[in-house]
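Asker: I have a structure here, written as structure tokens, and I will follow up with some questions on it.
The values are calculated or read from the model by the stated rules, or taken from the named source; none is laboratory data. These numbers come from a predicted model, not from an experiment. Side chains included, ligands, DNA and RNA excluded: accessible areas come from the protein's heavy atoms. Shrake-Rupley method; radii C 1.70, N 1.55, O 1.52, S 1.80 Å.
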Amino acid sequence: MLKRILTIMTVLLVCLTLLPLPAAASSRSIAAVYAEGVVAVSGAGFTSGVSYTVRVVDRAQSIIKAMGQTTADGSGGIVAYITIGNPGVLSNYEVYVNNPDGTCAGTVKQITLLYTATIKAGIGGTIQVGNNGTPTDILIGSYAAGEIIKLQANANSGYKFKGWLSNNGTFTDADNASTTFKMPSGNTVITANFVRISTGSTDKDERDRKRKPKKPAILDDTTGGSTDGQSNVVAVDAGAIDVSHSDNASSITVRADAIAAAAQMSLQQAASVDNGTAIIGLNSQIPANISEVVIALPGSAVTHLAQNRVALQISLGFVSIRLSPEVLGSLPNGENVRLTIRRADPEKELDELPVGMNPVEKGVELDFGLGGGNTGGSIIIDISIESDADRDLIGLYHYNESTGELAFIGGRIVDGMLRGVTGHNSKYFVLEYHKQFDDTKANSWYSRYVDSMAAKHVLSGYPDNTFRGMANMTRGEFAVALANVLGLKNTSYKGVFDDIKDSDYYAGALQSLYEAGIMKGIGDNSFMPKEGITREEIFAIIGRISGANADIKQIQSYEDLEELSEWAADGAAKAVVDRIIIGEGNRLNPKAKLSRYEAAAILYRLFNK
């Protein structure tokens, strides 16, 4: 089958005037054909001896479906076979060919679909393409030499024939819905090549093909980087919460007995769940015109929550604040505890922002009487996102009024709200950050991953403003990035590896990952932080953090499975099933080193899982 596709593609490249596929440059041509689970990509006009990366991208899901490598031959031709299996709606897919530095060498916006029928001498009939391009209602019989044969697409299928190829090497153009030809003598393989007809705005697939690819949505993450585990939020009786409004301010008071009752129930629920956390919730929807909310809580009730390890969550609609028991215990003592939450306007309160950074939402100011010091506990802030800001690029930042500095505290979207975790009260703003590196190309396959991971402060570049995406991602670099993705705080290094010092920038992150059982050494008390990390090492890491239900049988189709180390097999299955790592065609390439571009893609998927 692959040889047949290659023959077809050779003819297609000669006949690109008949098949108007996009080219990367005037002297370069690329074509892509799908048949039986494989996308065959061929091209001409490339640089001889240069290795190119070929990726098939599913625009509808904003993911790389499969990828592979190809090296241009002496005449500048490339050929790659990328296995994608059942594509579903083929018009959702595009092919990208990238240079070694990651820049785009060419694209194919529409993959041509092929259907093959074998015709023998004998009785006549019709070869017909059904709705949505599926080969239905096909009469494949025997055909007499010299008989007129008809190829046709169903009237409502939305497809037309572009041509067909017979096994004598002759390509015949047929830019219409149906066509006929005279049957040659002997056994003949006829490959019918058909494409979707452009029908304007009434054709959904055509609209989807023309519009810009969707930006990948950030998936909700119920943990949001916090270490609360399984939460048990018990709402305080609404009848015990008194809310009053005056001008642009609101006042909320809560009875102590209602707080105690909710705490007791939450503790009971938390005790029945592994790693359960007791949380009580004060819920009140505050009108949009209110700029300040003052919550008065009985001091005895707050002390009761802190002593019994119960967190307090305050949900006001535009913002939700969760105070850990440690924070509650640090609040000023007294008969009443006053918590003030204000809306903050970034346009008025932020002066000069870093290049590429812009405010996108109203911020919040927390005034809990804690001062500027860290409480040792956590304050989880969830701010409602109402604008159409790019959610891959937004983050929550703490603003230090004394120094004018901004500190990133979180970038996950949880239940439609942007989450950050801090340890003190102050001002917090939602900012969009687009970091532009000098050596990254916009709209390339990797740009969305690099841009997002830079905006979420998972990855950073180098002092010369380069990202160096084709360089290997080292084990030390990956440790820092992974700790950022998982929300792990750096831990004091305890000298677990002989080749790492306390002063190494990755030491604290690695210690946290090591204590969590996520990253390990390579034997002999060594970690080799400057070595490039391999794909199977990533497999093993994913196996330790993924909750996917996967089995080695689910990756049996990969042809290089025997190259995979036994210690990475479970993780490889989870990585593939969880779609964290996508194989390169029908290969896992377990021994290959990971580039920084590829690492950005993997970290992006982990962050948004």
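Asker: Restricting things to alpha carbons, tell me how big segment 431-565 is in terms of Rg and Dmax, in Å.
Answerer: Cα only, segment 431-565: 16.7, 47 Å (Rg, Dmax).
Asker: Now a separate question. Taking θ = phi - 60°, what integer Hz values does the Karplus form 6.51 cos²θ - 1.76 cosθ + 1.60 yield along segment 457-470, in sequence order, with x for Gly and Pro?
Answerer: These are the phi-based 3J(HN,Hα) values: 6, 7, 10, 9, x, 10, x, 8, 6, 10, 9, 6, x, 7 Hz.
Asker: So, one more: From the cross-link list Lys530/Lys591; Lys65/Lys520; Lys494/Lys609, which pairs have alpha carbons spaced over 23 Å apart? Could you put the intermediate results ahead of the total?
Answerer: Details: Lys530/Lys591 17 Å; Lys65/Lys520 30 Å; Lys494/Lys609 31 Å.
In this structure, Lys65/Lys520; Lys494/Lys609 exceed 23 Å between Cα atoms.
Asker: Considering only protein heavy atoms, with the full assembly of protein chains and a 1.4 angstrom probe, order Val233, Val108, Val57 by accessible area, largest first.
Answerer: Ranking Val233, Val108, Val57 by accessible area, largest first, yields Val233, Val57, Val108.
Asker: Determine the gain in length on full extension of the stretch Asp101-Asp247; use 0.36 nm per residue of separation and subtract their C-alpha separation, reporting nm with one decimal. Each step should come with its number before you reach the end.
Answerer: Details: separation 146, 0.36 × 146 = 52.56 nm, distance 5.89 nm.
The span from Asp101 to Asp247 would gain 46.7 nm if fully extended.
Asker: Could you work out how much longer the chain between Ser291 and Ala235 gets when fully extended? Use 0.36 nm per residue separation minus the Cα distance between them, nm to one decimal. Don't skip to the end; give the middle numbers.
Answerer: Numbers: separation 56, 0.36 × 56 = 20.16 nm, distance 2.41 nm.
Working it through step by step, the gained length comes to 17.7 nm.
Asker: Taking amide H positions as placed in the peptide plane 1.01 Å from N, state which residues far from Ala105 in sequence (5 or more) or on other chains have amide H under 5 Å from it.
Answerer: Answer set, sorted by chain and number: Val97, Asn98, Asn99.
Asker: Provide the solvent-accessible area of Phe408, counting protein heavy atoms only and rolling a 1.4 Å probe, rounded to the nearest 10 Å².
Answerer: Its heavy atoms expose roughly 60 Å² to the probe.
Asker: Using 0.36 nm per residue of separation minus the Cα-Cα distance, give me the extension gain between His434 and Gln69 in nm, one decimal.
Answerer: Working: separation 365, 0.36 × 365 = 131.40 nm, distance 3.00 nm.
Difference between extended and current length: 128.4 nm.
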